[in-house]
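For reference, the structure is listed below as structure tokens.
Nothing in this text is a laboratory measurement; each read-out follows from the coordinates by a stated rule. Quick caveat, the model's predicted, so the values are computed rather than measured. All Cβ positions, even for glycine, are placed from backbone atoms using ideal geometry, and neighbour counts span all protein chains on display.
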């Protein structure tokens, strides 16, 4: 017998259909615990949560529960770079080696900053397998990337830089600002915005972290381990549901950001509203416009599907319905998602602890997204 699960938080009447879908996902068991938030014009119209933060379903998901969102953190990492671009400290058409001289090794002298941001630099993974301990050591990982030769002619193709993206962008941020990317993000973005999102999580927050639950199954087509996709996917030990203290503390700005839907939406709202929320301006509309210009359109060498890349963002394509063609997004392993529509000044995020693996898109997120966009469209 199914048990009704209480959905907590705020939901504007216009979006009650979204709350109903959220409740149904919990009641039918496709969720364990989750949060979903929507902002329009920088104000929350939906901020709901429910279910459990523990696999045993004994610890409730609370308002301040956070969890690892995997690659959804790439939007936060990208935003750090955009702020430096906006300040004139980082030029997307300059060689990376202008800021990071040792990067020029192994034929990388002419790689441009824009190619790092658009996953086109030819450094989508590591040449040899790396351990978690190496990934926890920032400089050891950076030195591996300095010595590595690109796997394709930079700027000609895209290949999703699954883990390397965070280190490559993070090192640029560190060299320009003098701060680690986790510190820069906290000081320049999360702190000013009041967003409970972290790249490198302090131990004091551990009690609030929801337990990740690994997918029941992962099915994918066979991949040659020596191919670009294979080396990208298999040469890093990204373990589903990995959540010990060392993992949480490390600054891996492609893979281990911690937050919830409310905090991710707060950050996304800045992009949806032209770089300004209330009296706080962190970014210009002009820089956002540059970031969502198409950099690559074609089959991604790692993902194996058609992709439109901007600077750090996936851009609207024909795989999903979008209200407006300037919409941009990214998501994380297991299902988390952050989508921004600057024409509607709308942003939404979905964060959960039960990881799923569906190459056609997470059905839970897609059902919530469909209800949300339908509600907005009906109100026009």
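Between 337, 138, 115, the Gaussian network model of the chain with springs among Cα atoms under 10 angstrom shows the greatest mean-square fluctuation at 138. For residue 366 and residue 285, what does the FRET efficiency come to when R0 = 25 Å and r is the distance between their Cβ atoms, rounded to the nearest 0.05? The pair residue 366/residue 285 has a calculated efficiency of 0.25. Can you list the residues of the stretch 355-377 with backbone N under 20 Å from a point 7 Å past the Cα of residue 28, pointing along Cα to Cβ? 355-375, by backbone N distance to the label point.
Taking the helices alone, the chain has a mean residue ellipticity at 222 nm of -8500 deg cm²/dmol, built from -39,500 (n - 2.57) per DSSP H run of at least 4 residues and averaged over all its residues.
Each of residue 134 and residue 245 was given a label point 7 Å from its Cα along the Cα-to-Cβ line. The distance between the two points is 2.6 nm.
Tell me the angle of helix 261-272 to the major Cα principal axis of the chain, expressed in degrees between 0 and 90 and rounded to the nearest ten. Long axis of 261-272 versus the principal axis of the chain: about 60 degrees. For the chain, a Gaussian network of Cα nodes joined below 10 Å ranks 71, 367, 35 by mean-square fluctuation, and the top entry is 367.
Just checking the listed ones, 95, 129, 342: in the Gaussian network model of the chain with Cα springs under 10 Å, the one fluctuating most is 129. The stretch 88-165 and the stretch 31-77 have their alpha-carbon centroids 32 Å apart. Measuring nothing but how far apart in sequence close Cα pairs (under 8 Å, 6+ apart) lie, relative to its length, the chain scores a relative contact order of 24 percent. When all alpha carbon pairs of the chain are counted in 10 Å bins from zero, the resulting P(r) reads 5, 25, 35, 25, 8, 1, 0 %.
Modelled label positions at residue 58 and residue 20, each set 7 Å beyond Cα in the direction of Cβ, lie 3.6 nm from each other. Under the shape rule built on the C-alpha gyration tensor, where the axes satisfy a ≥ b ≥ c, the stretch 239-380 is rounded, since a/c falls short of 1.5. Fully extending the segment from residue 149 to residue 127 would add 7.1 nm, taking 0.36 nm per residue of separation and subtracting the current Cα-Cα distance. Using a simple spin-label model with pseudo-atoms 7 Å out from Cα toward Cβ, residue 293 and residue 358 lie 3.7 nm apart. For the chain, the longest principal axis of the C-alpha atoms and the axis of helix 138-147 are separated by about 50°. Rounded to the nearest 10 degrees, the angle from helix 16-27 to the longest Cα principal axis of the chain is 90 degrees.
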